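Undergrad: The structure is given below, and queries will be raised subsequently.
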Amino acid sequence: VCPHDGGGKLFTNKEYSNFILRFEYKLEPGGNNGVGLRAPLTNEDPAYVGMESQILDDDAPQYAKLEPGQYHGSIYKVLPAKRGAPKKAGEWNTEEIVCDGRHVKVTVNEMVIVDGNLDDVKDEKTLKEHPGIQRTTGHIGFLGHGAHVEFRNIRLKTLPDTSK
C-alpha cells in the first residue's frame, strides 16, 4: 500500500535490464501512481531519467483532457496506451509490463495497450525530455503520487540479454 501522505517511491535493490513484471493493483477514484522502469536511484523524476508506466484512474473527471501519453499504461509521454482496459476505480486489475531490449509491452486485464519499440521514438522534444528511454538497465519501482493504491501478487521474471 502506498500511503495518502504524499506517496513515496519504493524501488528494487537490484537493477534489471530485460524482465516481465506482473502485478495486481487497485486505485481509489481519481487515483494516480506509476511503475518506474529502468530508473536510476536519484532524486530526479523516474518518468524522465528512467521510464514510468502510468497507473491512473482514466475515468476521473480531472483526467478528461490529458495528452495521449499520460493515460493508464502509457510509458509516460513516450508511448501512448490504448484506452479502456482498466476496470472502474476500486476494483482489482491485472497488469503485465515486459521490457525486452528496446521493446516495451503493457497488458492490462488481458488487453495489450502498449506494444512499442523505443527506437521508433524520433520526436526530438520527447528524446530531449526523456533521456531515460535510452537506459538499458535500472531499478523497478512503485511511484506514489499521493493517491491510495494497493498492489498484490507482484512477480518479476528476468529475461535473457539478447543484445549480445
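Undergrad: Got a sec? Which of 115, 100 is within 25 Å of residue 12 (Cβ to Cβ) and more than 14 Å from the chain's Cα centre (by Cα)? First the steps, then the outcome.
TA: Numbers: 115 fails: more than 14 Å from the chain's Cα centre (by Cα).
That would be 100, the only listed residue that is within 25 Å of residue 12 (Cβ to Cβ) and more than 14 Å from the chain's Cα centre (by Cα).
Undergrad: So which residues in segment 109-126 are part of a helix (DSSP H, G or I) and open to solvent by 50 Å² or more (accessible area, probe 1.4 Å)?
TA: Of the residues in segment 109-126, the ones part of a helix (DSSP H, G or I) are 118-120, 124-126.
Correct list: 119, 120, 124, 125.
Undergrad: Look at residue 73 and say whether it is out of contact with any His (no Cβ under 9 Å at 6 or more places or on another chain), open to solvent by 10 Å² or more (accessible area, probe 1.4 Å) and in a loop (DSSP other than H, G, I, E, B).
TA: Numbers: out of contact with any His (no Cβ under 9 Å at 6 or more places or on another chain): yes; open to solvent by 10 Å² or more (accessible area, probe 1.4 Å): no; in a loop (DSSP other than H, G, I, E, B): yes.
Considered against the rule, which asks whether it is out of contact with any His (no Cβ under 9 Å at 6 or more places or on another chain), open to solvent by 10 Å² or more (accessible area, probe 1.4 Å) and in a loop (DSSP other than H, G, I, E, B), residue 73 comes out as no.
Undergrad: Separate question: Consider residue 105 carefully, then state whether it is surrounded by fewer than 15 Cβ atoms within 10 Å (Cβ to Cβ) and either within 13 Å of the chain's Cα centre (by Cα) or modelled with pLDDT under 95 (or both).
TA: Values: surrounded by fewer than 15 Cβ atoms within 10 Å (Cβ to Cβ): no; either within 13 Å of the chain's Cα centre (by Cα) or modelled with pLDDT under 95 (or both): yes.
Criteria not met by residue 105.
Let's see how each residue does on (1) at negative phi; (2) open to solvent by 20 Å² or more (accessible area, probe 1.4 Å); (3) not β-branched (Val, Ile, Thr):
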| site | (1), (2), (3) |
| --- | --- |
| 9 | yes, yes, yes |
| 19 | yes, no, yes |
| 49 | yes, yes, no |
| 61 | yes, yes, yes |
| 97 | yes, no, no |
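The values are calculated or read from the model by the stated rules, or taken from the named source; none is laboratory data. Just so it is clear, the structure is predicted and the values come from calculations on it, not from any experiment. Note: ideal-geometry Cβ built from the backbone for every residue, glycine included; neighbour counts use all protein chains shown. All accessible areas refer to the heavy atoms of the entire protein, side chains included, with ligands and DNA or RNA removed. Shrake-Rupley method; radii C 1.70, N 1.55, O 1.52, S 1.80 Å.
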